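The values are calculated or read from the model by the stated rules, or taken from the named source; none is laboratory data. Bear in mind the structure is a predicted one, so any value in this text is a computation, not a measurement. Cβ coordinates were reconstructed from backbone atoms using ideal geometry, including for glycine residues, and neighbour counts include every protein chain displayed. Ligands, DNA and RNA are stripped out before the accessible areas are found, and what is left, the full protein with its side chains, is counted by its heavy atoms. Shrake-Rupley method; radii C 1.70, N 1.55, O 1.52, S 1.80 Å.
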Amino acid sequence: YLERRHSRYAKEKSCQDCHMKAVPEPMTIANILGPQREGVRLHDFRGSNFFMPRILNKYRDELGVTALPQELDAAAILAEEFLRDEAATLSVTAARVEGGRVMADITIGNRGGHKLPTAYPSRRAWLHIAVKDAGGKTVFESGRLEADGSIRGNDNDADGARYEAHHDEIASPEDVQVYEPILGNPAGAVTTGLITAVKYLKDNRILPEGFDKATASHDIAVAGEAAADVNFTGGSDRVRLNAPLGNAAGPFTVEVELLYQTIGYRWAQNLGPYKASMEPARFLDYYKAMGAATSARLAREVVTVRQE
C-alpha cells in the first residue's frame with residue numbers, strides 16, 4: 001500500500017482495479033431475491049503465488065488437503081497467467097557486436113502499482129541471459145536456474161552470509177541481476193528471520209511508475225547500489241549487457257528472460273537448522289523435490305545480432 005501511495009497509481013488505480021477485475025454488466029450477488037447490482041468485482045484476488053498450490057497438490061495426501069486437484073491446478077495456472085500478462089515488460093535494444101563482445105541494453109518495466117516483486121520478502125525476480133552462437137551453442141550465460149531452485153552465480157544462494165550486488169552491467173556469468181529485498185539484523189548481517197531483521201541491506205525491487213526514490217520514506221526506500229543507479233528509476237531498470245564471445249562465430253542469438261520465485265532458495269534452505277518441529281524439515285524436503293518448478297517466467301525477448 002505504501003509503495004502504491006508513492007506512485008502514480010495512487011491517483012489512477014486502486015488495488016482492486018488490478019487484483020479484483022470489475023464485472024462489466026449488472027450481477028445478482030445473492031442467491032435469493034437479490035437485485036442486480038452495478039460495479040460488482042470478481043473475488044478471485046489474483047496474485048503471484050503459483051508455487052504453494054502445486055506443493056499442496058503434489059503432497060495432498062500427506063498434508064490432508066481437501067481442495068480438489070483441479071481447483072489447485074486452476075489456482076496455480078491463474079497466478080502464472082496473471083504474472084505473465086500483468087507483471088512486467090522486457091525489451092532488448094541497441095544489440096551489436098563490438099570488440100569480441102555482444103553489447104545490448106536490457107530494459108525491464110514494472111506494470112504494477114507497487115514494487116516488483118512486493119509483499120513477503122522471500123520473493124525475487126531476476127534476469128536469465130543466454131547468448132548462443134551460429135550453431136546454437138551457449139557461449140555466455142547469466143542467471144541460470146539450477147534444479148535445486150538456486151540461481152547459478154548468485155552470491156546469496158552460494159553463501160547465506162553474502163548477497164548479490166545490484167548490477168548496472170552484466171559482463172560475467174558471475175554478474176546476476178536479482179531484484180530482491182535482502183534483510184539485515186542489528187549487527188548488519190544478512191538474515192531471513194523477520195523477527196531479527198531491522199533494515200534492508202539491499203532493496204532493488206523494480207519500482208512502480210511515478211515512484212521517486214529520492215523522496216521515498218524509510219519503509220519503502222531503495223537500498224544498496226540501486227539508489228545511485230541513474231538507470232534504476234520509477235517504472236523501470238535498464239541494464240547493459242557486455243558479454244564476451246571468445247572465438248565464437250555469429251550470428252548470435254541473445255535470449256533474455258525475467259524469471260520469478262515466490263520462495264527464493266536461501267529462504268527455504270535457512271529452514272534447515274530448525275529442529276523443534278517437523279514442519280520446517282518437511283517443507284524443505286518439498287522444496288528440494290520441486291526445485292526446478294519454483295520459478296515462473298514474467299517476460300521474454302529474443303534478438304539476433306550479426307557481426308558487421
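Quick look at the values:
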| item | result |
| --- | --- |
| Residues within the range 168-182 that are assigned to a loop (DSSP other than H, G, I, E, B) and either among the aliphatic types (A, V, I, L, M) or open to solvent by less than 30 Å² (accessible area, probe 1.4 Å) (or both), tallied | 4 |
| Some residue of the range 182-190 being modelled with pLDDT of 95 or more and either closer than 22 Å to Leu241 by Cβ or touching a Pro at 6+ places or on another chain (Cβ under 7 Å) (or both) | yes |
| Search result, residues across the range 122-157 that are over 19 Å from the mean Cα position of the chain (by Cα) and either in a loop (DSSP other than H, G, I, E, B) or closer than 20 Å to Asn270 by Cβ (or both) | Asp133, Ala134, Gly135, Gly136, Lys137 |
| Count of residues meeting criterion [surrounded by fewer than 21 Cβ atoms within 10 Å (Cβ to Cβ) and in contact with a strand residue (DSSP E or B) (Cβ under 7 Å, 6 or more places away or on another chain)] in the range 106-129 | 4 |
| Residues that are in contact (Cβ under 8 Å) with a residue 60 or more places away in the chain and over 21 Å from the mean Cα position of the chain (by Cα), drawn from the range 63-103 | Ala95, Arg96, Val97, Gly100, Arg101, Val102, Met103 |
| Residues being of a type outside the set (Asp, Glu), open to solvent by 10 Å² or more (accessible area, probe 1.4 Å) and in a helix (DSSP H, G or I) - total across the range 279-308 | 10 |
| Long-range neighbours under 6 Å by Cβ, at least six apart or interchain, first residue in contact (Cβ under 8 Å) with a residue 12 or more places away in the chain and assigned to a loop (DSSP other than H, G, I, E, B) within the range 255-278, second surrounded by 20 or more Cβ atoms within 10 Å (Cβ to Cβ) and aromatic (Phe, Trp, Tyr) | Thr262/Phe51 |
| Hits in the range 60-105 (condition: out of contact with any Gly (no Cβ under 8 Å at 6 or more places or on another chain), among the β-branched types (Val, Ile, Thr) and either in a helix (DSSP H, G or I) or open to solvent by 50 Å² or more (accessible area, probe 1.4 Å) (or both)) | Thr66, Ile77, Thr93 |
| Filter result for the condition that a residue is among the basic types (Lys, Arg), more than 24 Å from Val239 (Cα to Cα) and open to solvent by 30 Å² or more (accessible area, probe 1.4 Å), over Lys213, Lys199, Lys137, Lys132 | Lys199 |
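Here is a yes/no grid of residues against (1) open to solvent by 60 Å² or more (accessible area, probe 1.4 Å); (2) in contact with a Cys (Cβ under 6 Å, 6 or more places away or on another chain); (3) in a loop (DSSP other than H, G, I, E, B); (4) of a type in the set (Asp, Glu):
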residue	(1), (2), (3), (4)
Glu3	no, no, no, yes
Ser7	no, no, yes, no
Ala10	no, no, no, no
Gln16	yes, no, no, no
Pro24	yes, no, yes, no
Asn31	yes, no, yes, no
Gly34	no, no, yes, no
His43	yes, no, yes, no
Gly47	no, no, yes, no
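Rundown of residues vs (1) surrounded by fewer than 16 Cβ atoms within 10 Å (Cβ to Cβ); (2) in contact (Cβ under 8 Å) with a residue 24 or more places away in the chain; (3) closer than 20 Å to Thr107 by Cβ, yes/no style:
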{"position": "Ser142", "(1), (2), (3)": "no, yes, yes"}
{"position": "His166", "(1), (2), (3)": "no, yes, yes"}
{"position": "Gly184", "(1), (2), (3)": "no, no, no"}
{"position": "Ala226", "(1), (2), (3)": "no, yes, yes"}
{"position": "Asn231", "(1), (2), (3)": "yes, yes, yes"}
